[in-house]
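Here is the structure we will look at, set down as structure tokens.
Derivation of every value follows stated rules applied to the coordinates shown; laboratory data play no part. Since this is a predicted model, take the numbers as computed values, not measurements. Note that we place each Cβ from the backbone using ideal geometry, even for glycine, and neighbour counts take in every protein chain shown.
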Amino acid sequence: MKILAIGGSNSRKSINKALAYFTAQLFENATIEKADLSELTVPMFSVDVESELGMPAEVIDFANKIDGCDLIVISLAENNGSFNVGLKNILDWTSRIKDRKIFNGKPMLLMATSPGARGGASVLESAKELFPRSGAVIKATFSLPSFQQNFDLEKGIINLELLENLKAIVNQLQSEEGIK
């Protein structure tokens, strides 16, 4: 199985990147490709920029990473109750590729985390509504509340109940046909 792990933030020290990468490594016998939004230099999307510059190569590369995976593991940052601008920008650009839905029918483990007790609940709810219209097949969701209390950057999730909940999701996804 090939997993594309995406931290839905353009922050270099993204807690959502940490969660997505940690989760991807829980899958047995998986090859993991990472999409680090903090490394992208894609200009802010607008039809004016698109008409002047065309489609940036980094957007095509991002779309190819989606197309080449068996499962997307994405964890969303919540900025003022909505998507991080870095994620929104790459998704806006990707939506402009002719004859394509952003996620192209790929199965997805949709997650969010935040420093607060709601664990990115608002952005997670928005994505559950919007991403299927963009071609995502959401197989499961997971929210990690209070990131600093429940996650260690070296050990991963340290709250045993939350870790077991996530492992159960991973096991369920691995046992499903088509995600192997």
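For the reader, a short list of remarks on this structure follows.
- Residue satisfying all of: in region 158-180; over 24 Å from K2 (Cβ atoms) and among the charged types (D, E, K, R); surrounded by the fewest Cβ atoms within 10 Å (Cβ to Cβ) among these: E161
- The set of residues in region 131-157 being within 15 Å of R100 (Cα to Cα), surrounded by fewer than 18 Cβ atoms within 10 Å (Cβ to Cβ) and touching a strand residue (DSSP E or B) at 6+ places or on another chain (Cβ under 8 Å) consists of P132, V137.
- Condition check for L91: surrounded by 22 or more Cβ atoms within 10 Å (Cβ to Cβ), among the aliphatic types (A, V, I, L, M) and under 27 Å from L173 (Cβ atoms): no
- Helices (runs of 4 or more DSSP H) enclosed by region 63-180 - at least 3 residues per element that are more than 16 Å from A20 (Cα to Cα): 85-94, 121-130, 160-175
- Restricting region 1-55 to residues that are aliphatic (A, V, I, L, M) and in contact with a Ser or Thr (Cβ under 8 Å, 6 or more places away or on another chain), the residue that is surrounded by the most Cβ atoms within 10 Å (Cβ to Cβ) is L19.
- Among (1) free of Cβ contacts under 8 Å to residues at least 12 places away in the same chain; (2) under 14 Å from the mean Cα position of the chain (by Cα) - the single one G8 does not satisfy: (1)
- Out of L87, L130, sole residue that is closer than 15 Å to L4 by Cβ and among the hydrophobic types (A, V, I, L, M, F, W, C): L87
- Residue check, E33 assigned to a helix (DSSP H, G or I) and either closer than 28 Å to S114 by Cβ or acidic (D, E) (or both): no
- Test result for N10, part of a loop (DSSP other than H, G, I, E, B) and under 27 Å from P145 (Cα atoms): yes
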